[in-house]
Structures are given as C-alpha cells and as structure tokens.
Amino acid sequence: MTPALLFDPVALAIVLGGTTLATILRTPVRDLAHALLALRTLPRRRFRADTRLEQVTALARIAQRNGVHALDRSVIRDADVAAAIAMIVDGARGQTVADALDAARRSRGERHRIVVECWIGMAETAPAMGMIGTLIGLVAMFTRMSDPQAIGAAMAVALLATLYGALLANLVAMPIAARLRTAARAELLERERLVAPLAELAEREAPRGNARVRLHDADIATVREEAA
C-alpha cells in the first residue's frame, strides 16, 4: 500500500475544516490565538526557577549594599519578578508581595487552563468530524450506485474521514494538550519557589523604606517650623 492511497482531499477538508470551524465558533478569538501561540513553547525546556532565584539573591545583595532603591536600575526580564521588585522598591510588605505573586500565579494558571482546554476541545471534535465525513461519504455512495468509480471515491471519503479524525485527535491535538498541561503544572510549581525569597526581601526592606519615609516627613516638618 502506497501512502497516496491514504490521502483524500475531500475527507481531509471535512475533518480539518469542520474541526477548525467548530473550534472558532466555541472559542473566543483571543483564547484561540493564545492556543496557537502556545505551540512555540513545545520545543522549549521545562520551566525552571533556578536562574530567577539566583537573580533574586543577587538583588538582595544589591539592596543590602546600596539600598532598596538601587534595584530600580536592575534589568529583570521575568514579569512576575519585575512586578514584585517594583513593589518592594515602593515599600510593600512581605505579605503584600506574596499575595501579588500568588494572584499572578493563579492568573497564569487560568490562562494555561484555557489554552489546554482549547486543544482538548479540538481532540474531542475531530472524531465527530470524522464521523460526519463518513456519513457524507456513505450518502454519496448510496446516491451513485450506478457508477462504480463514484462508489469507490465515496467509500474512500467515508473510511478516510474516520481515520483522519482519529489521527488528528490522538496524534496531534491530545498530545499537544497533554504536553501543555504538564509544562503549565511544572511552571506553576516552580514559580511558587519565588514567593518566599521575594517576600523575605520585601519584609527586610520595608521597615527601612518606612523609616526613610518617616525621616523625610520629619525633615519637612523641621523645614516648615524654621520657615514659620
């Protein structure tokens, strides 16, 4: 059997077109775009927080040596770490920073869930589209019983549509969903490791920030008294 015998453009169009249309109809455009963009992450290594933890340690040394406001000049590529450092510079307490990081993790987890569900939806839809293609092929076959060539083409559509639906679901959509789910879980667990050191840094630096604010207020009061 040659591979060409397993190719039928009509059956392929029914399965791919139907699966795509069903996904578009039930998925917001923004979520669908995120699901497609998530394919870029498949070849990447699993997320690890080690380099970010090393950067947090380095930032803690900078803050201890030069003051917390020296962190404003730091280049931080991770969005969650950058937001936490900005809060620390502004004098946020440790619990506030921890709550913000937890909220960011939950939001990120929700985005991952939506992407995974989109691919799972494709996996569930593809076999149904294959069955629809099979029914279309059978209808075409029964309406052309007098033409042997037409019967063969219709039977090919009927059989190959089921095959394409099964392959699209089990060899494409479902494996992608499984890999994205595994990567998402690993990233959320790794990001949880960032909460404690950043909250500790915030707690250590917040009193100093408050002291600077109190000193600044005292200076203003002194200036006003002298002016009076």
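The values are calculated or read from the model by the stated rules, or taken from the named source; none is laboratory data. Worth saying up front: this structure is predicted, and the values here are computed from it rather than measured. Please note: Cβ atoms are built from the backbone with ideal geometry, for glycine as well, and neighbour counts cover all protein chains shown. All accessible areas refer to the heavy atoms of the entire protein, side chains included, with ligands and DNA or RNA removed. Shrake-Rupley method; radii C 1.70, N 1.55, O 1.52, S 1.80 Å.
Out of region 125-179, which residues are of a type in the set (S, T, N, Q) and assigned to a helix (DSSP H, G or I)?
Just the residues of region 125-179 that are of a type in the set (S, T, N, Q), to begin with: 125, 134, 143, 146, 149, 162, 170.
THR125, THR134, GLN149, THR162, ASN170, listed by residue number.
Taking ALA11 as meeting all but one of (1) open to solvent by less than 30 Å² (accessible area, probe 1.4 Å); (2) farther than 30 Å from ILE132 by Cβ, write down the number of the exception.
Unmet condition: (2).
So LEU201 fits all but one of (1) out of contact with any Ser or Thr (no Cβ under 8 Å at 6 or more places or on another chain); (2) more than 28 Å from GLU110 (Cβ to Cβ); what number is the exception?
LEU201 satisfies all of (1) out of contact with any Ser or Thr (no Cβ under 8 Å at 6 or more places or on another chain); (2) more than 28 Å from GLU110 (Cβ to Cβ) except (2).
With the requirement that a residue be open to solvent by 30 Å² or more (accessible area, probe 1.4 Å) and either within 14 Å of the chain's Cα centre (by Cα) or within 25 Å of ARG105 (Cα to Cα) (or both), what does region 153-186 give you?
Scanning region 153-186 gives MET174, PRO175, ALA178, ARG179, ARG181, THR182, ALA183, ARG185.
Every residue, every condition in (1) over 19 Å from ALA199 (Cβ atoms); (2) among the hydrophobic types (A, V, I, L, M, F, W, C), yes or no:
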position: LEU16; (1), (2): yes, yes
position: LEU25; (1), (2): yes, yes
position: ARG30; (1), (2): yes, no
position: LEU39; (1), (2): yes, yes
position: ARG48; (1), (2): yes, no
position: THR57; (1), (2): no, no
position: ALA63; (1), (2): no, yes
position: ASN66; (1), (2): yes, no
position: LEU71; (1), (2): no, yes
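Which condition number in (1) modelled with pLDDT of 95 or more; (2) of a type outside the set (Phe, Trp, Tyr); (3) buried (at least 19 other Cβ atoms within 10 Å of the Cβ) is the one that ALA202 fails?
For ALA202, the exception is condition (1).
For region 104-117, indicate whether the set of residues that are out of contact with any His (no Cβ under 9 Å at 6 or more places or on another chain) and closer than 21 Å to ALA166 by Cα is non-empty. Don't jump to the end; show me each part of the working.
Just the residues of region 104-117 that are out of contact with any His (no Cβ under 9 Å at 6 or more places or on another chain), to begin with: 104-110, 112-113, 116-117.
Subset that is closer than 21 Å to ALA166 by Cα: 116-117.
Yes.
Which one of ALA70, ALA60, ALA4, ALA22 is open to solvent by less than 80 Å² (accessible area, probe 1.4 Å) and modelled with pLDDT of 95 or more?
On the way: ALA70 fails: modelled with pLDDT of 95 or more; ALA60 fails: modelled with pLDDT of 95 or more; ALA4 fails: modelled with pLDDT of 95 or more.
Criteria check complete, one pass: ALA22.
For region 60-72, which positions are part of a helix (DSSP H, G or I) and either without any contact (Cβ under 8 Å) to a residue 60 or more places away in the chain or more than 12 Å from ALA86 (Cβ to Cβ) (or both)? I'd like the intermediate steps shown before the answer.
Residues of region 60-72 part of a helix (DSSP H, G or I): 60-66, 68-72.
Correct list: ALA60, ARG61, ILE62, ALA63, GLN64, ARG65, ASN66, HIS69, ALA70, LEU71, ASP72.
Give me the pairs: first residue in region 16-27 and closer than 13 Å to MET131 by Cα, second residue among the polar types (S, T, N, Q), beta-carbon distance under 9 Å, and six or more apart or on different chains, which are they?
Within 9 Å, the pairs are GLY18/THR125; THR19/THR125.
Mind telling me which of the residues ILE176, ILE151 ends up being among the β-branched types (Val, Ile, Thr) and at pLDDT below 95?
It is ILE151.
Please enumerate the residues belonging to region 73-106 that are open to solvent by 20 Å² or more (accessible area, probe 1.4 Å), charged (D, E, K, R) and not in a helix (DSSP H, G or I).
ARG77, ASP90, ARG93
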